1. List every residue whose amide H lies under 5 Å from the amide H of Leu4, counting only residues 5 or more places away in sequence or on a different chain, with H placed 1.01 Å from N in the peptide plane.
2. Counting other Cβ atoms within 10 Å, keep those with at most 10, restrict to DSSP loop, and tell me which trypsin sites (Lys or Arg not before Pro) in region 1-64 are left.
3. Could I have the simple spin-label model distance between Asn5 and Lys51, label points 7 Å from Cα toward Cβ, reported in nm to one decimal?
4. Any idea what % of Cα-Cα pairs in region 1-78 are farther than 15 Å?
5. Would you grab the residues whose amide H sits under 5 Å from the one on Arg49? Only those 5+ places off in sequence or on another chain, please, with H modelled 1.01 Å from N.
6. In which sequence would Met55, Met39, Met152, Met71 go, from the one with the fewest C-beta neighbours within 10 Å to the one with the most?
Amino acid sequence: MALLNLTDLTAALARNDRLLGIDPGRKQVGLALSDVSRMVATPLETVKRGKLGAMATHIRALADRHGIGGMVIGIPLSLDGSFGPAAQAAKDWAMALSDQTGLPVCLWDERLSSSAVNRMLIQEADLSRKKREGVVDQLAAAYILQAALDSMPRPALF
């Protein structure tokens with residue numbers, strides 16, 4: 001499929017298509033879903049990272065069930081913004097996932113998203129490490145997706 005920038009991804013979507021936010025970790029993958037107006041990101045689930053084919057099948061089923069028209073996948077740029085080996089691996093994974101699902105994809109800078117979510121869960125919700133394990137990846141996916149949604153071009157209201 002296609003690797004697009006956010007503006008082109010937005011233009012490729014049908015009117016009520018949702019976006020799937022993805023935080024690809026080494027062990028788990030967090031997923032989040034936008035609403036049909038693409039204003040709000042909501043955590044969806046955390047899945048174990050396994051073979052790409054199984055992940056693509058799962059995401060395709062989610063796309064069919066929820067009306068997903070594209071994906072926003074977090075890319076771990078270095079703290080200085082450079083494109084290192086981890087970012088290249090995430091880009092390759094995103095492209096392969098896009099090819100297998102048939103969904104267009106946009107890469108989004110995810111620097112410190114998991115750290116921000118963990119900090120919030122510790123400070124605001126006072127959750128233990130064990131309780132955070134189950135939700136941090138999907139919350140990071142929602143954090144990434146919400147940042148992209150907030151940056152999307154919007155048509156003028158007047």
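No lab work stands behind these numbers, since they all come straight from the coordinates. On a predicted model such as this, the values are computed, not experimentally measured, just so you know. Backbone-built Cβ (ideal geometry, glycine too); neighbour counts: all protein chains shown.
1. Those lying under 5 Å, H to H, from Leu4 are Val105, Cys106, Leu107.
2. Sparse-neighbourhood loop trypsin sites (Lys or Arg not before Pro): Arg15, Arg26, Lys27, Lys51.
3. Each label point is offset 7 Å from its Cα along the Cβ direction, giving 3.8 nm.
4. Looking at region 1-78, the distances longer than 15 Å represent 57 percent of pairs.
5. For Arg49, the qualifying residues are Gln28, Val29.
6. The fewest-first ordering by Cβ neighbours comes to Met39, Met152, Met55, Met71.
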